Every structure is written in C-alpha cells, then in structure tokens.
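In what follows, a single structure is set out as structure tokens and then discussed.
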Amino acid sequence: MLRFLARRILAMIPVLFVLSLVTFVIIKAPPGDYGDYIRAQLMNQGGASFEKAEAEANVYRRQHGLLDPVPIQYLHWVGGIVTRGDFGDSFYYNQPVAHIVAQRLPATLMLALTCHFLASLIGISLGIVAATQQYRWTDTVLSAVAFLGTTIPRFLAAIIILYILVFRLSAVEVGSFFSVEYGGAPWSIAKFMDLVRHVWPVVAIATFGGLAYNMRVVRGNLLDTLNMQYVETARAKGLSESGAVLRHALPNALHPLVMYQGVVLPYMLTGEIETAIIFALPTVGPAIVQSMAVGDVNVTATFMLILAATLMVGNIIADVMLALLDPRVRLQTAIA
Amino acid sequence: MASPATILGRARGAESYAALVWRRLRRSIGGMIGLALVILILAMAIFAEFFAPVDPYRAETGFSSPDTISFLDADGGLSWRPRIYPIVESDKLDPVTYQPLSGPDFAHPHYIGLFVEGFSYRLFGLIPGNIHLFGALDGYPAHFLGTDKFGRDILSRGIFGSRISLMIALIVVTITTSVGTTVGLVSGYVGGAFDAWAQRFVDLILAFPQLPLYLALTSLIPITAPTSLFLAFVIVVLSALGWAQLSREVRGKTLALARVDYVKAAVAVGASDGRIVFQHILPNVMSHVIVIVTLQIPNVVLLESFLGFLGFAVKPPLISWGLMLQDTGTFSVIGSYPWILSPVGFVLASVFAFNALGDGLRDAIDPY
C-alpha cells in the first residue's frame, strides 16, 4: 500500500513539471506583460506621456526580470519553487504569491469540499430512494431532478440568481464572504450564519450539479446490486428491507461511486470557480481571471499548478479509498 | 449466390442495430422531446433568415425594451388579432421629473401575423426571398426581446447566432471525437510503449485545470486576425482539451474488445490490423462515441457562451450567443436592461435539447 502511494505521488512530479512548463509558455506567449499594465495605468490615471510611461514600465520590467528571455524567467520561477518553496512575487498585489494562495486557496477548497460533501450525502440518499422506488413517481421526479442538475449550466444559473438577488431582492452585499460588520470579528454563530447568507448561491449551484451525478451513479449501481442473489438471501433470512438494502446492497453499490470521485472532483472545483467568478467571491477562480488580464504571470502559473496538484491528489485519495473499501482492488494493486 | 429464400429470411429475422436503437429511443419521452427540439434548433440555424423577424444588423434605439404582444384592442376589449402598440412619447410631462411621459399608442397598432413580408434576404446566398415566419404585417420592426446596446433586435440576433454557435460546436465536436477515437483506438490496439506514452500525454491533458487553461489559450489568439481566421482560432482552442477524456474511454473499450472471442478468431484467420480495427472494434465503439458526441455539443455551446461572458467571443460581424452575452458581464447594464440576458434562453434551450437526446440515446444504444 505504501509503495503504491509512493509510486503514485512520485508519478505526479513529472506531470506537474511539464504542466508548469506548458502553462508558463502559454501565458507568456501572447505579446504584452505587466509592464504594459503599468504603462497604461500611468497614461490613463497619471496623465503621463507615452515615452515617460514606457520608460517607467521599462524600469519596472528590468527590476522584476521581465526583460529576460522566457526560458530564463521560467527557470527563475521554477528554481524558486524547488529550492526555496518560493512561488515568486505577484506584481499586481505587490506581495509574495504564497500569501495570495494562503488567502484564497483555503476558501476555495473549503467551498469545494462543502459542496462535495453535501453533494455526496444528498446524492447518495436520493439515489437510494430512487433505486428502491424504481418506476414509481418518486423515481420519476428524482430522475427529472437529476436531469436538470446535470444540464442546467452553472454559470447561467449563477447569473440568473445574481440578477434576482441584486435587482429583485436588493441584496447589497455580493462579492464578499461576510458583511462589513463581521470583517475582523472572531468566529461566532452569528458570523457563521452571515457566511452562509453570502455563499449559499455558490454552494447551492455547485452542489446541485454534483448531487445529480452522484444520484445517477448510485441509482444505477444499486439497481444492479439489488438483483443480486445475496440481497435475496438477506431478505430470505428475515432481514428488514432497509437492512437488506443498507447493509448488503449499498456497500457494493458504493465503490463505483468512490472510483468516480476522481472524476467528480474537477467537476466540483470548476463549478466553484465558475460561480465564484460570477459572484466575484475572493477565491481562486476570480484571482486567475484577474491575474491573466493584467499579465501577473506568477499568480496565474502558481494557481494553475496548485489546482492541478489538488486534482491529482484528489485522484490518489479516491484510489486509496477504493483500495481500502474493496479487497479485490487491494489485491490487484499489491500484485501490480 | 444466396437464394431468394435466405435473403427474405434475413430481412424478416434480425432487425438491424439502428432499427433496434430507434425502437427504444422512440419509447423514451425525454429523448423524443430532445430529438424534436434538436431538429427545430437545427432548422432555425439553417433557415435563420426565414425565422428571424428583423434584420439582425439593423440598428435602432439602443436598449429599447421588448414589445409586448397584446390581445386587447384600444377599448380594452378582447380581440383575436395579436398586435403591438408602439411606445411613444406624449406631450404630457411627468409632474415630478418634467420628463415627457411615454406610453402605448393605442391609435396605431401594428398587427402581427405569420408568413409576413420583411427584410429581403438570399437563403444560402442563392434563393432570394422576403417572407418571414412571423412579424408585424406592416413591416414595423417588432422587437419581441428588445434591442441590445446598438439597437439591434435580440431575438433575430439570437436566431442568427445559433448558426455560428452551433457550427462552432459541431466542428469542435467533430474534431475532438475524431482525434479522441483515433488516439484511443490506436493506443488500445497497438499497446506497448506507444500506449504508455499516449496515456501519459492524456494524463497530462486531463490534469490541466480546464477553464483557466481555456482562458489562457484564448489570449494567444491575435486580436487583429481577420474574422474567418479568428473563428478558426476559436475552434482550435475549444478543441484543444476535449478529446482526452473520450480517448481514454475508447481505449478502455478497445482493450476489452481486443480480448473478445470474435476478435481473437479474426486474428487467428489472419485478418489484417486495419480489418480488425475497422470491422470488429470500431463498430462496437461507435455507439458510445455517438452518445458522447450528442452530450459534448451542449458542452461546447456552453463553453463558448461562458468564454463570451468573460469577454472572449467571435469577432463582431459574426453573431454568436457568446458574443451576445458579452454585455451581460456588467451589473449596471443587466440591472437596467434585464432583457439583454435573453440569449441565455437560446443557450439553455439547445443545452436541454441535446442533453435530453443524448440521455435517450445512451439508454437506447444497448438494446440487447
């Protein structure tokens, strides 16, 4: 098991390396850099002439190594990560990228995990209901819900909810986690409720899609296992219907779902990113879009790298869970 | 030579695979609704000139609100003729703001009818015509969904936009499925070192956080490129990542199929690799691929509209749903002119249609 884990984690390294290279090159390829942003700002806001602004921008570029060839810049950035764990500095925020990551990544992960947890919990429960009530009206209704959940585009739902909140219900605070009065306040129940009031649309939208997926998978698998002979045996020996379903059928229906978690994770993460962009919550998604717009290359590249690493770790966790859950898989990985 | 009896026997005996799939699809209500909607949407895209009531490039007052269809005549009585009362300014002033008051002009209704004459067009650049499915009988440019910031009719632009949006989706999906299927088939069938490397590459593509990467790729497109080249770039960017997942699935199926008895038998009788792949493996993978195609089309439509919302879409002389959603990114604009959100309806309708069809197909492709 440990060997399997170690191998999987080591296999991540080359992938992350190539990924960082590709990302960096793609971001750097189009003309323009953060110097251009400074120049534009100086000309628009400071009223400087083109020459003066360009000179200022060039000073900045020289100081921050933006005039070096792209391979050198890349080596510089990667070298910092590998040797010092330093992701470079953000030009726009004027602070180390690590600080920005520390501010935004926990929020994103918490949101994504909350959605994930809710989606699994509700999705599995509804899946059990749908499978045990097959072809009755509950099943039909739940199938319709699942169809809506998987098809309603999350960003369109976000735009519409945002519109209703802001212009119909006159919500004044969007684009933040807390109301002003809770800004620096210590955690309390009131603060938590305030947080819920601010993030529920994002959580609801991302959860809805995820729970629909989970529900479909559980329903499909549970229908298969419910026809198995051991379930029939369990019923025959006098177990209650719920006992037979929950103790005998469900555990065997769950492991495709666990296997599926590796696929669901990117879905949940993109869902969080999409809706957070529209609600302008201070999480990773808007930071990527924003940094891309101004050419803040270290921030963009770092976030891409971290998101990719998160996805891969998620996949590994899913595999490990599967191995823990299913002796057959464990045996296979031991042999392989 | 086969005797007539055996031919007849065949025809009466096993039904073709397609017939079986169709028989099952016909029973799925969702799938049939999806199919009908898909046909309708495709017809709308192909015959956009006929379906659009107003010239999509004709500019009038910007951000004018949707014209409401009324069944009431000037006295307030019910009437069977649908009509629009144009909104006009009167000489009366608002007592508070001293702005001229505006309201419906009951004296001059514009009646609405089917198959009316409107702007003239050439269907497919060939067939001249000026008949439109619906519109005002007197040629009044009725804006059923209001106008955008340049005063162009949103409904007509949405109908015309389906052309580019669906075309992008169809081309992108064609590219991604051909690449994905080919890579998957070859990787699964050839195996060995090629398979290992191809799969590492697919791993890499799948590891990318997709949305940010799409955004990064879009910034590679030179903004000064001519319209058609720009469109080609958009298609290339949207196809860049979509093939990987499919290739993984096709590879898995190919690996499983390569061990099946009839493939082993084909190998044993000395069939060529090409024959085995095209005759024995590809047909068995095809049904899965077709379902993926139907389910991928809405994804590309969505991606195009989301990137449009974030400010990246085709270049203006062309019309796409993504381009129409560009203006909706600003709160103040959607607050004052909520009807510019209506292209969302087109996107939703097509997403629902293709997904419903895809779901129906997925259940139907396994008739045995």
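The values are calculated or read from the model by the stated rules, or taken from the named source; none is laboratory data. Given the structure is predicted, the values throughout are model-derived calculations rather than measurements. Neighbour counts run over all protein chains shown; Cβ positions are idealised from the backbone, glycine included.
Taking the stretch A:61-78, which residues are buried (at least 17 other Cβ atoms within 10 Å of the Cβ) and in a helix (DSSP H, G or I)?
A:R61, A:Q73, A:Y74, A:W77, A:V78
Only one of B:T68, B:T97 is under 23 Å from B:D148 (Cβ atoms) and loosely packed, with under 12 Cβ neighbours inside 10 Å; which?
Exactly one of B:T68, B:T97 is under 23 Å from B:D148 (Cβ atoms) and loosely packed, with under 12 Cβ neighbours inside 10 Å, namely B:T68.
Please work out if B:G103 is assigned to a strand (DSSP E or B) and either touching a Leu at 6+ places or on another chain (Cβ under 9 Å) or exposed (fewer than 13 other Cβ atoms within 10 Å of the Cβ) (or both).
The answer is yes for B:G103.
Which one of these is more than 22 Å from B:V293 (Cα to Cα), part of a helix (DSSP H, G or I) and in contact (Cβ under 8 Å) with a residue 12 or more places away in the chain: B:S165, B:S156?
B:S156
Would you point out which residue out of B:G62, B:G77, B:G13 is loosely packed, with under 14 Cβ neighbours inside 10 Å and at pLDDT below 70?
Going through B:G62, B:G77, B:G13 in turn, just one is loosely packed, with under 14 Cβ neighbours inside 10 Å and at pLDDT below 70: B:G13.
Which count do you get for residues in the stretch B:142-200 that are closer than 25 Å to B:V277 by Cα and within 14 Å of chain A (Cβ to nearest Cβ)?
Residues flagged as closer than 25 Å to B:V277 by Cα and within 14 Å of chain A (Cβ to nearest Cβ) within the stretch B:142-200 amount to 4.
For the stretch A:99-156, give me each residue that is of a type in the set (V, I, T) and either over 18 Å from B:F352 (Cβ atoms) or not in a helix (DSSP H, G or I) (or both).
Residues satisfying the conditions are A:I100, A:V101, A:T108, A:T114, A:I122, A:I124, A:I128, A:V129, A:T132, A:T138, A:I152.
Counting residues that are among the acidic types (D, E), which helices (runs of 4 or more DSSP H) fully inside the stretch B:205-302 reach at least 1?
The helices (runs of 4 or more DSSP H) meeting that bar are B:243-258, B:261-268.
Please determine whether any residue of the stretch B:227-234 is closer than 28 Å to A:P266 by Cβ, within 13 Å of chain A (Cβ to nearest Cβ) and surrounded by fewer than 22 Cβ atoms within 10 Å (Cβ to Cβ).
Scanning the stretch B:227-234 turns up at least one residue that is closer than 28 Å to A:P266 by Cβ, within 13 Å of chain A (Cβ to nearest Cβ) and surrounded by fewer than 22 Cβ atoms within 10 Å (Cβ to Cβ).
Counting just the residues of the stretch B:312-331 that are more than 10 Å from chain A (Cβ to nearest Cβ) and not in a loop (DSSP other than H, G, I, E, B), which one comes out nearest to B:R23 (Cα to Cα)? Before you say what the answer is, go through the steps one by one.
Initially, the stretch B:312-331 is screened for residues more than 10 Å from chain A (Cβ to nearest Cβ), giving B:312-324, B:326-327, B:330.
From what's left, not in a loop (DSSP other than H, G, I, E, B): B:321-324, B:326-327.
Numbers: B:W321: 35, B:G322: 37, B:L323: 40, B:M324: 39, B:Q326: 43, B:D327: 45 Å.
This residue is B:W321.
May I ask you to verify whether A:P153 is within 22 Å of A:W200 (Cβ to Cβ) and more than 13 Å from every other protein chain (Cβ to nearest Cβ)?
no
Within 30 Å of B:V351 (Cα to Cα) and touching a strand residue (DSSP E or B) at 6+ places or on another chain (Cβ under 7 Å): which single residue out of B:I131, B:I46, B:I84, B:I41 fits that description?
B:I131 is the lone residue from the list that is within 30 Å of B:V351 (Cα to Cα) and touching a strand residue (DSSP E or B) at 6+ places or on another chain (Cβ under 7 Å).
Pairs only if they're at least six apart or on different chains, beta carbon under 9 angstrom, first in the stretch A:189-218 and closer than 30 Å to B:D363 by Cβ, second basic (K, R) and surrounded by 15 or more Cβ atoms within 10 Å (Cβ to Cβ); list them, first residue then second.
A:I205/A:R154; A:A206/A:R154; A:F208/A:R154; A:G209/A:R154
Residues checked against (1) closer than 26 Å to B:S287 by Cβ; (2) surrounded by 22 or more Cβ atoms within 10 Å (Cβ to Cβ):
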{"site": "B:R157", "(1), (2)": "no, yes"}
{"site": "B:G161", "(1), (2)": "no, yes"}
{"site": "B:S165", "(1), (2)": "no, yes"}
{"site": "B:V172", "(1), (2)": "yes, yes"}
{"site": "B:V183", "(1), (2)": "yes, no"}
{"site": "B:D195", "(1), (2)": "yes, no"}
{"site": "B:A198", "(1), (2)": "yes, no"}
{"site": "B:P222", "(1), (2)": "no, no"}
{"site": "B:S239", "(1), (2)": "yes, no"}
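What are the residues in the stretch A:18-68 that are within 14 Å of chain B (Cβ to nearest Cβ), among the hydrophobic types (A, V, I, L, M, F, W, C) and touching a residue at least 24 places away in the same chain (Cβ under 8 Å), if any?
Hits for the stretch A:18-68 are A:L19, A:L21, A:F24, A:V25, A:I27.
Go through the stretch A:277-315 and count every residue that is part of a helix (DSSP H, G or I), modelled with pLDDT under 80, surrounded by fewer than 17 Cβ atoms within 10 Å (Cβ to Cβ) and more than 10 Å from every other protein chain (Cβ to nearest Cβ).
So the count comes out to 1.
Could you please let me know if B:A353 is crowded, with 21+ Cβ neighbours inside 10 Å, at pLDDT below 80 and assigned by TED's automatic domain parsing to the domain that holds B:T174?
So B:A353 fails the test.
Quick one: would you say B:L325 is farther than 30 Å from B:L155 by Cα and either touching a residue at least 12 places away in the same chain (Cβ under 8 Å) or of a type outside the set (D, E, K, R) (or both)?
No, not satisfied.
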